[in-house]
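Report on the following structure.
Read-outs: derived from the displayed coordinates by stated rules, not from any lab. In this text, all values refer to a predicted model and were calculated from it rather than measured experimentally. Ideal geometry is used to build each Cβ from the backbone, glycine not excepted, and the neighbour counts take in all protein chains shown.
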Amino acid sequence: MFKKNITLKILLLLIASDVFETAVHFFFKKSVLTQSGFQVTGLASALVFLKAILYSPFLWAGLFTVVVVFIIWSTILTKIDLSVAVPIASLSYILVPITSIIFLGEKVTVLRWVGILLVLAGVIFVSLSSKERMVHIK
């Protein structure tokens, strides 16, 4: 059975996981933006696009960051249950839009923010129900 207590170290790892996961999304978006105007219309153009994008340093930064996230996430999962870790690691729902606004110049509408808040509320409810279930099991 896993340790149920969320220590400061685990909390910091969860935050680091969210930050690096946000970086993954950012790097992958930047890698495709380097090929702006490129249209993928079939297999041949997809292969040309793939070949071109393989030269993007953002793609390689994203892939490296995926490995970092995997290592951090694997470490987290050796310490706490998945059903506990996932709800806590939901910071990326907010970090991705903020990163998109700041670094990509994207617009996030009020309706999208409301949707993000509703998803986060759902995550909180799921997290609370997991804690409630653990109390009843003991």
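So what's the back-of-envelope 222 nm ellipticity for the chain, counting only DSSP H runs of four-plus at -39500 (n - 2.57) apiece and dividing by all residues, rounded to 500?
-26000 deg cm²/dmol
Does the stretch 42-131 classify as rounded, prolate or oblate by the C-alpha gyration tensor (a ≥ b ≥ c root eigenvalues; a/c under 1.5 gives rounded; else a/b over b/c gives prolate, otherwise oblate)? Each step should come with its number before you reach the end.
Values: a/c = 2.51, a/b = 1.43, b/c = 1.76.
Oblate is the answer for the stretch 42-131, as a/c is 1.5 or above yet b/c matches or exceeds a/b.
Might you report the magnitude of the Cβ-based charge dipole of the chain about its Cα centre, with Lys and Arg at +1 and Asp and Glu at -1, to the nearest 20 debye? Working shown, then result.
Details: 12 positive and 5 negative charges, 54 e Å.
Roughly 260 debye, rounded to the nearest 20.
What is the stretch 81-121 by shape, rounded, prolate or oblate, if you read a ≥ b ≥ c off the alpha carbon gyration tensor as root eigenvalues and call it rounded for a/c under 1.5, prolate for a/b larger than b/c, and oblate otherwise?
Working: a/c = 5.47, a/b = 1.77, b/c = 3.09.
Because a/c hits 1.5 or more and a/b fails to exceed b/c, the stretch 81-121 counts as oblate.
What value in Å³ per residue do you get for the convex hull of the alpha-carbon atoms in the stretch 1-72?
It is 110 Å³ per residue.
For the chain, return all DSSP H helices satisfying: extent of Cα atoms along own axis at least 24 Å; mean Kyte-Doolittle hydropathy at least -0.5. Write down the numbers at each step before the final one.
Numbers: long enough: 8-33 (37 Å, 1.35); 57-77 (30 Å, 2.19); 110-137 (40 Å, 1.45).
What comes out of the filter, once short or polar helices are dropped, is 8-33, 57-77, 110-137.
Among 38-47, 69-78, what's the highest-first ranking by average C-beta atoms within 10 angstrom per residue?
69-78, 38-47
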